[in-house]
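For reference, the structure is listed below as structure tokens.
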Amino acid sequence: MPLQPSVVASLTDLELVARLIVEGVRSGPHRSPFRGFSTEFDQHRSYRPGDDLRHLDWKLLGKTDRLYSRQFRDTTNMAVMLVVDTSASMGFPQEGMSKLRYATIAAAALSYLVVTQGDSAGLMSASGEQLTYLPARGGRAHLRRVLATLDKLQPAGAWRPARAIARAADLLKRRGLIIVLSDFYDDEDDTLREMKRAGRRGHDVAMLQLLSPAEMSLSYPGDREFEDLESGARRTISPAAIGREYRASVATFLEEWRGRARQNGIDYALVTTDEAPERALRTYIVKRGSRLMPARHASQATA
Amino acid sequence: MMFSSPWAWIGALAVAAPIAIHLLTRQQARPLPFPTLRFLKGATITFARQRRLRDVALLVLRCATLLAVVAAGAGPILRAIHGPAPAATVLRRAIVIDTSASMSRKTADGRTAIDSARTQAAALMPSADQTRTIEFDRLDAAIATAAAWLDHAPGRRELVVFSDFQRGALESGTLAMVPKDDGVRLIRIDVPTPAPASASAGLGSRTFSTRAIVEGDTTRVSWRNAFAVPPLAVQVLAGATPSRDVEAAIDAAESQGLPTGTAAHAVAVVSADADGAAQLLANARPIDRPWMFDAVQHVRRDETLTAAAMRSTATLTAPALLDVIARDRQKHIGVAAGAAGAGDAQTLQFFVLTKEPLLLSATIAAAARSAVGSPGWEESEPATLTDAQLAAWNRPTPPEAPVSAQEDGRSDARWFWALALLLVIVETVARRSRPSQIPVEAAHEHVA
């Protein structure tokens, strides 16, 4: 049974949370799309003069009296860079599970999953002008550093997602997977541009758009004065009067991002903070499982 | 309800303060932090522009508390609890109406002066807590009666006299009977100048007619006499064969010069020697007509009759119901008055209960004078007391003493303080039980 957000929120040990979530993901009925570090047989093809005879499938020759060469998939170590939005808007709601906390847990679980599979995980977060960066590496020690850094993230100020994504793409030494965890309220055009650029550079880009149910429904009683967490601007409105219009606007906003992602080959998942992190990650991973493998452009070890 | 310090009610203006506060202060709800305002479109409500009363129930409680405190400070006195008002605020008024002959003259509005006085007296009654009206033709006697009544009454006292105030009708000595702390108001009723007075009297076989005309300080008197035996104005019941003492008494009475004229009512003098005197005495009943009372009062004042009664000894006993006119030397009733007959044929009977001819003579003379009535020479006086003299005799009525709650010890402020305390408690409970300003997030829709 997946851990509910309330339970997850009560757990302070991020490594424990990540482990529980990953174990839940792995224990699911779905076949894990993750593959470990190995050279794997890929397919047979007809022997061509010049192929490496070491890859000649002698057994198949004995059976079929035909010459076939084995092709191998050279799976290199996958590097995953987690880009976490730590702007002030991610601090909503201020009671219960905030979006940043959810992003932190999701990033921790993804880091745990990736590293324990022998891949590399890194972290990039930006808050204002400050960038927090951990390179993509493997190993338990590095995983703990990543988790510790994630645990210390606090929402503050505004962020420039384009800059964070661009830096993440630059710092990934080799082609990898960039997963952006944000509400994507800021600099939409610049953000899309950098994600597309990262994709052109060979990286896989995925976006987990995080929202809370409260900001999606605007179900507040009476007249309220709302204050923007990042700009400090205030506005007094009647939620009941504009609720329908508000929800339509939010739905349009989300659909626009979904469309942009689809058009540009970017993995997209909408995650709400009332959803069990394990279920959300499993849905994302299983559904997009094949995309978690890095550009399988690697060396074609063929004869 | 009374207030010992009504000026304290000016504090009620402070009620404007909570009203202004409720209007002017904004509902200081904490702003709700929100990730982005980009989707919050539509009409923006500005609290600063909305001046409406918030929390009307709390406002009413606060205003009521303030008013209760102000009322307590005003020193309320609940009469229902304490009973009648203190004596210092009660006004007792004695009203004297002059019913002398001059007041029978008609005033300019066509009513007699007496009726005009009675109308004005009735208008004064609502302004006093207790009123007693005394009507008499002699101001000195009426004022003495009024002063005696006022003297035994606590609180504020006032004497009001309605009269034409003929010169001589009222003297300063009469007003000296009124306690100096009592107020005195002398209200003049204007009456026209009296007609010349005339009278006739019989003396022996002659009848003398006199006419007096009063002009300012001058009195002109003219008289004439005629040979005529004047009839007695009263009937003397002395038996079929009057004794020599009775005849002598009648002659003695006539020799005094009794007024002639027709008696308005039947008056009889019953001698103790009269046949059936005892029976008449037993059958007599108490007088019950105003003219009888007037005649009895007139006869009772006859000094000659009083002196003659003091020298006599009653031989008959009058029933207790009859009016006493005079007493003998042993304080027994010497002359009594009773009524006989019925309807318009009633007779006023004066019973002489002694065989003393002197007393019989005096009673006949007094009864005759009362039956015909005096010409009222004094009522012919046209001059009246000046306004300056009346003003000098007027005295202000003592003002109503302010009720001091502390001195009186009857302030009910404690009830209003208790009410204010109760209202404060209710306001506190109501204020704390208001719903929290922090919104409770309801079930949210999940945007697909």
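The values are calculated or read from the model by the stated rules, or taken from the named source; none is laboratory data. Computed from a predicted model, the values in this text were never measured in an experiment. Every residue, glycine among them, receives a Cβ derived from its backbone with ideal geometry; neighbour counts consider all protein chains shown.
Listed here are the residues, each with its yes/no results for (1) surrounded by fewer than 20 Cβ atoms within 10 Å (Cβ to Cβ); (2) under 22 Å from the mean Cα position of the chain (by Cα).
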residue: A:Asp204; (1), (2): no, yes
residue: A:Glu230; (1), (2): no, no
residue: A:Thr236; (1), (2): yes, no
residue: A:Ile242; (1), (2): yes, no
residue: A:Ala248; (1), (2): yes, no
residue: A:Leu254; (1), (2): yes, yes
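Filtering segment A:215-224 to residues that are surrounded by 18 or more Cβ atoms within 10 Å (Cβ to Cβ) and at the interface with chain B (Cβ under 7 Å from one of its Cβ atoms) leaves A:Glu215, A:Met216, A:Ser217, A:Ser219, A:Tyr220, A:Arg224. Pairs are defined by a Cβ separation below 9 Å, a sequence spacing of at least 6 or placement on different chains, a first member in segment A:249-266 that is within 13 Å of chain B (Cβ to nearest Cβ) and free of Cβ contacts under 8 Å to residues at least 60 places away in the same chain, and a second member that is surrounded by 16 or more Cβ atoms within 10 Å (Cβ to Cβ) and among the polar types (S, T, N, Q); the pairs so defined are A:Val250/A:Ser217; A:Leu254/A:Gln209; A:Arg258/A:Gln209. Against the definition (in contact with an Asp or Glu (Cβ under 9 Å, 6 or more places away or on another chain) and of a type in the set (A, V, I, L, M)), how does A:Leu208 come out, yes or no? In short, yes. Identify all residues within segment A:225-248 that are in contact with a Leu (Cβ under 9 Å, 6 or more places away or on another chain) and facing another protein chain (nearest Cβ under 7 Å); write none if there are none. The answer is A:Glu225, A:Phe226, A:Glu227, A:Asp228, A:Ala233, A:Arg234, A:Arg235, A:Ile237, A:Ile242, A:Tyr246, A:Arg247. How about segment B:273-282: which of its residues are surrounded by 13 or more Cβ atoms within 10 Å (Cβ to Cβ) and either modelled with pLDDT of 90 or more or not aliphatic (A, V, I, L, M) (or both)? Within segment B:273-282, B:Asp273, B:Asp275 meet the criteria. Do we have B:Arg26 as at pLDDT below 80, in contact with a His (Cβ under 6 Å, 6 or more places away or on another chain) and either in a helix (DSSP H, G or I) or within 14 Å of another protein chain (Cβ to nearest Cβ) (or both) here? So B:Arg26 does not fit the description; no. Looking at the structure I just gave you, is B:Ala142 closer than 15 Å to B:Val191 by Cα, over 11 Å from the mean Cα position of the chain (by Cα) and not β-branched (Val, Ile, Thr)? It is false that B:Ala142 is closer than 15 Å to B:Val191 by Cα, over 11 Å from the mean Cα position of the chain (by Cα) and not β-branched (Val, Ile, Thr).
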